[in-house]
Structures are given as structure tokens and as C-alpha cells.
Amino acid sequence: MIRVEGLSAALPQGQALRDVSLSVARGERLGLVGESGSGKSMLGLALMGMVPDAAQLSGRIALDGQDMTGATEAAWQPLRARKVAMIFQEPMTALDPLVRIGETVMEPLILHLKMRRRDARARALDLLAETGLTEPEAKMRQYPHQLSGGQRQRVLIALALACDPGVLIADEPTTALDAQIALRITDLLVRLSRDRGMALIFISHDLAAVARATERLAVMYGGDLVETGATAEVLANPRHPYTQGLIAARPRPDPAMIRKRLPVIPGTVPTLGDLPRGCRFAGRCAAELPRCAGTRPAPWPTASGQAACHLLEPAP
Amino acid sequence: MTAPLLIAEGLRKTYPRPRRRLLRAEPPLVALEDASFAIAPGETLGIVGESGSGKTTLARLVMGFERPDAGCVRLDGQDIHALPPRALQRLRPRFQMIFQDPYGSLDPRRQVGWSIAEPLRAAGITGRTSLRDRVAEALEQVGLSAADAARYPHEFSGGQRQRIAIARAVVTRPALLVADEAVSALDVSVRAQILNLLMDLQEAMGLGLLFIGHDMAVIAALCDSILVMQEGRVVEAGPTARLITAPAHPYTRALMDAARGETLTRGAAP
Amino acid sequence: MRHRASLILGAVLVGLMAAAGLVSLAWTPWPLAEIDVLNKLAAPSAAHPLGTDGLGRDLLSRLMAGAANSLSVAAGAVLLGGGIGTGLGLLASAWGGRVEEALMRLCDLSFAFPALLFAIMLAAAFGPSLLNTGLAIAFINVPIFARVARGAANQVWVRDFVLAGRAAGRGRAAISRDHIVPNIAAPLIVQATIEIATAILAEAALSYLGLGAQPPAASWGRMLAEAQTLLWVAPMQAVWPGLCITAAVLGFGLLGDGLRDWADPRLVRRQA
């Protein structure tokens, strides 16, 4: 559905994405994990053709076989909502407070699909019901402020599904929600992806949320794609030192771990301006080799994917 | 068992709601209902809950920022809400707080050293050299250097700022630290560093810690016992080991599910 | 970079006016009150660059002295009223509750009272003078600044670093001084600059009505009033003080706009 090859994004402060290659098949669920400044949100925006003006893109993006490299805003616009749709972290601000829920969901149906109002209304009702919103008929007449955060996120999902997109990009869709609601939204996204054969790209900083939602995982650090693979495989057997550190540093609710020191990744996440030239993780890596800071590691195959680390280079 | 450092008994707090009709007052919003707990010196109590659970209200009551409608908070046996303002001010060095947002908890217009020294000045310590020495000591305790005192908050990363906020909280050598979502805004790799730092400081200083958060995994890693809150009420409480192996309340189980995402996938395919 | 342009243009206009006013205190091309009836309404010449007025006084000299009066009254009034208003706003914000409620209702009340009427009352009671004009302008600035200061301070009071100050055991006055004032200074300075522009207009209006500067003192508003009777004979008599008022008001307005644009993004960036 989506193929990205050698995608880079240069911002005035530094390189936000470096040579990222990635593909997502129809109906596949991919988790995009990283900390602040990893480039995960920039990648999500690039897939929507919505990178900020200041960013210089290079590399190839193809959507459903259509080459979108260097496409203009006018070329992207018809694809958004129909081929690729997006939902965001903050369900509070993403809805117009003065427009009723029903009108909001009907708008793309009338605008993009040229539906008549009567048909659009029936379709909007179906969509809201599909996202598990209770009493969708009554909710159609309500305004955003009358809904809870979880309900609003469901409305946004219904809105994203309106034109039956092949890919749904969810940028931290559960971060602003309470745990119970977050679980339900995560499960809803999984179900929708299965039922509709829709690819799902789930962007998050939270390994637990991604683990539940996805079957494949891509870990990003400092604008690089450092490791990809099957979600369960990467979590159980991470190969890149950063992925290893990230998983180890995450506290787990385990009686044996209570008040035990957590293994840490030393240092802080570097800002875009002072990323190392070679491996972006150089300087914080426990297993660093002399060449790591200067030479960028190639992606080497792992059990179910790839990891970009000099340590994985096969012996000659 | 040593005498508890902090005792909270039957805390209740309501907030008035705006009227929707002219002649009928809305019933007040009950933010907190009948919360009781105790913390011994060196002990860590975790309060886990989500937005609207009343956990932040609880922190504000314990810190004496607001008065409870009912119940009391005792520190070293003294009811802090019954104390006259001057006496409460004298007690301040004994209990300090760390906030969620490391970007908002430091005055952007003040040098870091000034902010760290603030609790000392409020306690009447004003000698230039003694202030500078105490600030330097606190900075080094949290893994920064004495020279950082002359820099401004925007020169530091989020994790470093949280270290500065912790330095400010421990500079008076308090007995109790209240941490409200103190690691929630931090990246995973930095979060582990701060959690370790808190444990180190606790052991070095015998600090009691009231750690408030929404992530069961973080709370479980740090706390001796846990209080689970939902909609202003304590729904479950107990020692951490018991609570995470055999959660009784459905809400506690949901929090555990959310915290355990990765183990779920590893165990069985969904 | 649009705000840079308005900042620079505003600063230049204000700087020119202030310089002219300052110079006039020590030196003017001609003595201010020197009447030369034989040479009244003279056209611009080498001796009188802008000509003379209806009593033969040098127009440039009087414009310079007018700048000193207009600017000092406007700035002084805004500083005085702004200072008192800011203090009240800080007080309201720090104490909250009934204190805040009472102070703010008082502000609402004074907004409802026409400032011009107040100035006329003041003039009636104590006689028309530049000082009373300044006091009237200061008075109308009190509630404006009280409201701006309270609004800005309320936003700072809920920030975590203020809470941290309270946790440290500091009192309301100490927090107001150490945390609130530095963090609301930028919007207040912007407000003051814009209010000075309004005050210049107010002073001109009051002097025009004869409530402000008294003869023989020079004031732009006063000069405008004197030129009115000669408008058909010597229109330039009215144009020059009018231009000065416009330039000063525009200058302070642009300066305020520029300062606001310049202060805002920097604040955002600092906090982000």
C-alpha cells in the first residue's frame, strides 16, 4: 500500500529523517516507535504529504502504486481521506466546536464522494456505529464538547474512515486517553483494520500500546529507522542496542522488579542540531565501536526484519 | 514499625460547579472522597489513577495548597491545615514537591541556582556562601554540576530540568517528597534515569515519597505500596507485590492490562 | 520580518519627538514667548524655518516645546496610572476571592465613567492645568492596567514554578515580586507604549478644549485650537501641530505593535 525509499527530511535545525525505507502491505498493522525527536511524526506527516514547508524532502514515496515523490499539494489533496487518512493525539482540538458531530462526519461524504445529504446521513450513522459509539443517532445531533475524550476519538476515527481509506495513520491516538479507554480505542483500531483490510500505521512512544496494536514494528531514533521486524520478535529479541536499551529501560509490573534499579540508556536524546554523523545512537551506546560515530551502519537482516548496527555485520 | 511521617485521614474535597440555571445551584463536583493513607520515613506510596481520579487534588491537599472539606493531613503529627500560616511556612522545608512538566516548573527568567535556592531563602537561610554551597551540593546529588547553577532553564533538556526540579525539592533535606506525574512527560530512556535517581536519593536521605502517576508499570517499579483511585475514590489499596499479582478491582486489572501490553503479545497472539 | 519594520519606524518617530522635546528644554531657535506682531503669520524663511504664528512667535520653537509638554504629560500619566493599576492588578491576582472580585468590579465601574467628563470635573474643581490633565489621564489608565496585569498575573499564578515557590514556603508578596512581575513585564510594557499613544491624543483633546495647557505654555492641542480661527487664512498653522500629533501617536502605536510581535514569539520559544 505504502512504499517509502530512501526518504530524508532536512529541517533548518538538522536532519529530521535520514534515508528511511519502509513498506506497508494492504491490511498490515505497523507500529512506529520512537522518543521525542526520533522523526516518527515527521514520517507520518510525510506519508500524508503534510510535512512543514521548512522541511526539504528527498527520496521516494509511493502510495498504492502511485508515485508521490515531489507531488504538489494539489496532487496530494485528492488522495488524503480516500487513500490515506490520519488521526491525531488530541481529540479535543481536532473537532470544530461549533459543528454538530453528524455534520462533521457527513462533510467528507458530501464533499469527496458527492453523496446526497440523505445518503450521507445514513452512511455517517453507520460509520459512527462501526466505531462503537453508543447511541450514534443522538450523538449525531450533539456538539464536540458534549462528548468525552474517548467518544471524540471515536468520532475522529469515523471521520477518517468516511472515504474508506487504504491506510490509516494514527499518531499517538491513545496518549491523551485514560488507560481503559486507550485499550478500547487500540482494540477498535485493530478490529477496523482487520474488518476492512485497511493498513494501520500506529505511531507511539509507548511500547505497550504498540505491542497490543501491531504485528510489525519499526523503531526510530534520531531520524533513522534503526530496527524493523515482527512486533513479538523485536520485543522478545531486540537486536539493535537502542531497541534493547529502550525495552530494558521500560519498567514492568513484575513483583521481582519492585524497587530495583532500571537499566538505563546513558545521556539524553540529542537535539536535531547535534546528531552524530554516523550511527545516530553513537555516544549513548553501551556496545559502541570506534567507527560508530563516523560511519553510518548498513541495515543487516535479522530473524524477521532488519537492524542498522555495525555489530550485526556478518564476519567476512 | 516507625511512627508514620505522613498521615492522611478521610480527606474529602469538593469544587463548586458553575450554575446552569439562575435559581438552581448545581451540586458540587466531588473531586476526592474519604481518602486515607500513611507513609513511614523512607517508604514510597504510589497513587495511581487517571485524569479526574482526584490524585492531583490529593497532592494539592497534602502540600497544603488547598484546604480539605473534611479530614486532615498530619506531618510529624501536626495537622498542616490547622497550623497558622507562619508555622506552616516553618514546616515547609520538611515536605517538598516535584511537578509533571519540567518545562513549566522552573521560572524561565531565573537562573537555575536561584530557583534551587528558593526554598532555602524562604526558610530564612540567606548567607551567600551557604546558599551557594547548598545549591552546589543539591546539583551534584542529582547528577549535575555546580557550574550549572548559573545557567537558565532553556539551556537544559527535559530530563535535566527534571533533575533541577528534584534538586530544588531536596535542597532543604526534606523528610517527604510529593511527586505528581514527575516522569510522565519524559522519554522512556530518560524516565528510567530519573526513577533510579529518586530511588538513590530516597535511600541516601531516608525520604518518604508520595508518587502520583497514571502508569501502573512506573508506579509498580518504584513503590512499596499502591493506592488505586478512580473518580475521587480509593478503589483498591495494598502492597505492590500483592496488587500487581492479584489485582482485585476491575479497574486495577485494566491499568495492569495497559501497562503489560508487550507481555500480552509475547504470551499469546491477539 | 514585518514587525521589525514597524519597530524601527516607531522607534525613529518616537526618538525624534523625544529628542525635539528634550532639546527644547535647553534651547529653542527663538525664545518661546517672544511676540513679534509685525512679523505674524510669516511664511517659512531662514530665520523662522516653519514660519510664525498669529502672535509672531516662532512655530518650530513652539512645536518643540509642545513635544516636551505632550510627551512628558502622556508618558508621566501612563507611568503613574499604569504603576498604580499594575499594583492593584497584582494585588487582586495574588489574593483572589473577594479582594479580586471587589477590585475588578471597581474597574468595571470606572470604565463606565467617561474619562472626558472626569477631566472636565477635575478642571472645574481645581482649575484647568497641564497637571490636572495628566492626573485625569493617569486615572483612566488605572483600571486598564489593573485588568491587564491581573489577567496576565492569573496566567502566571497557575504555572508550576509558582506552585513550586509556594511549596518552598514563600509568601504571596515575595512570589508576586520574584516570579509574577518579571513574567508579566513584557505585556505591560507593550500596553504602556500603546496607552501613551492614546494619552497623547487625550492630552491634545483636553488642551484643545482649553482644559489642559494654559497660555502662554505651548502644547500641540492648544496650538491646534489657536490655529482653528485662522484656518482659512493660514492653514499651515493647524497642519504642523496636527502632523506632530499624528506622528507621535503613530510612532508609539507602531512601537507598541512591534514590541508585542517581538516579545510574543520569544516568550513562546522560551517556554517551548
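Here, each number is a calculation from the coordinates, and none is a lab measurement. Predicted model only: the values in this text are computed from it and were never measured. Note: ideal-geometry Cβ built from the backbone for every residue, glycine included; neighbour counts use all protein chains shown.
Structure data summary
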{"item": "Three-way shape label, segment A:176-217, alpha-carbon gyration tensor, a/c 1.5", "result": "oblate"}
{"item": "All-pairs Cα distance distribution in the protein assembly as shown, expressed in whole percent, bin size 10 Å", "result": "2, 10, 16, 19, 18, 14, 10, 6, 3, 1, 0"}
{"item": "Sequence-distant residues sharing a close amide H with A:Ser21 (under 5 Å, placed H)", "result": "A:Gly6, A:Leu7"}
{"item": "Cα gyration tensor category, rounded, prolate or oblate, for chain B with a/c compared to 1.5", "result": "oblate"}
{"item": "Per-residue mean of C-beta atoms belonging to partner chains within 10 Å, peptide B:252-258", "result": "5"}
{"item": "Square roots of five times the Cα gyration tensor eigenvalues for chain C, Å", "result": "42, 21, 13"}
{"item": "Using alpha-carbon coordinates, inclination of helix A:117-130 to the longest axis of chain A, degrees", "result": "50 degrees"}
{"item": "Computed FRET value (nearest 0.05) for C:Ala11 with C:Gln228, which takes r as the C-beta separation and R₀ as 30 Å", "result": "0.40"}
{"item": "Ellipsoid semi-axes in whole angstrom, largest first, where each is sqrt(5λ) of the Cα gyration tensor of segment A:166-267", "result": "25, 18, 12"}
{"item": "Total charge dipole magnitude, chain C, about the Cα centre, Cβ charges on Lys, Arg, Asp, Glu only, Debye to nearest 20", "result": "1000 debye"}
{"item": "Calculated from backbone phi, Karplus (6.51, -1.76, 1.60) coupling profile of segment B:231-237 in Hz, x at Gly/Pro", "result": "6, x, 10, 7, 9, 7, 8"}
{"item": "Amide H contacts under 5 Å for B:Glu181, placed H, 5+ residues apart", "result": "B:Ile212, B:Gly213"}
{"item": "Residue-by-residue Karplus 3J(HN,Hα) for segment C:206-211, coefficients 6.51, -1.76, 1.60, Hz, glycine and proline x", "result": "5, 5, 4, 7, x, 8"}
{"item": "Sorted by Cβ density within 10 Å, fewest first, the residues B:Val62, C:Val158, B:Val142", "result": "C:Val158, B:Val142, B:Val62"}
{"item": "Cα-based helix-to-principal-axis angle, C:115-126 vs chain C, degrees rounded to 10", "result": "70 degrees"}
{"item": "Table column - 3J(HN,Hα) (Hz), segment C:199-205, Karplus curve with 6.51, -1.76, 1.60, x for Gly and Pro", "result": "5, 4, 4, 5, 4, 4, 5"}
{"item": "Residue-averaged 222 nm ellipticity for the protein assembly as shown, from DSSP H runs of 4+ at -39500 (n - 2.57), nearest 500", "result": "-15000 deg cm²/dmol"}
{"item": "Partner chain coverage, peptide B:189-200 - average Cβ within 10 angstrom", "result": "6"}
{"item": "Dimensionless Rg/Rh of segment B:101-174 - Kirkwood Rh, Rg from C-alpha atoms", "result": "0.92"}
{"item": "FRET efficiency estimate (nearest 0.05) - Cβ-Cβ, A:Asp67 to A:Thr93, R0 56 angstrom", "result": "0.95"}
{"item": "Taking chain C and dividing mean pair separation by its residue count, relative contact order in percent (alpha carbons under 8 Å, at least six apart)", "result": "26 percent"}
{"item": "Peptide C:153-162 - average C-beta neighbours from other chains (10 Å radius)", "result": "4"}
{"item": "Amide proton proximity set for B:Ala237, modelled H, under 5 Å, gap of 5+", "result": "B:Val228"}
{"item": "Sorted by Cβ neighbour density within 10 Å, fewest at the top, the residues B:Arg86, A:Arg250", "result": "B:Arg86, A:Arg250"}
{"item": "DSSP beta bridge pairing in segment A:141-247, given as percent antiparallel to the nearest 5", "result": "55 percent"}
{"item": "Theoretical FRET efficiency, 1/(1+(r/R0)^6), r = Cβ-Cβ of C:Leu109 and C:Leu25, R0 45 Å, to 0.05", "result": "0.70"}
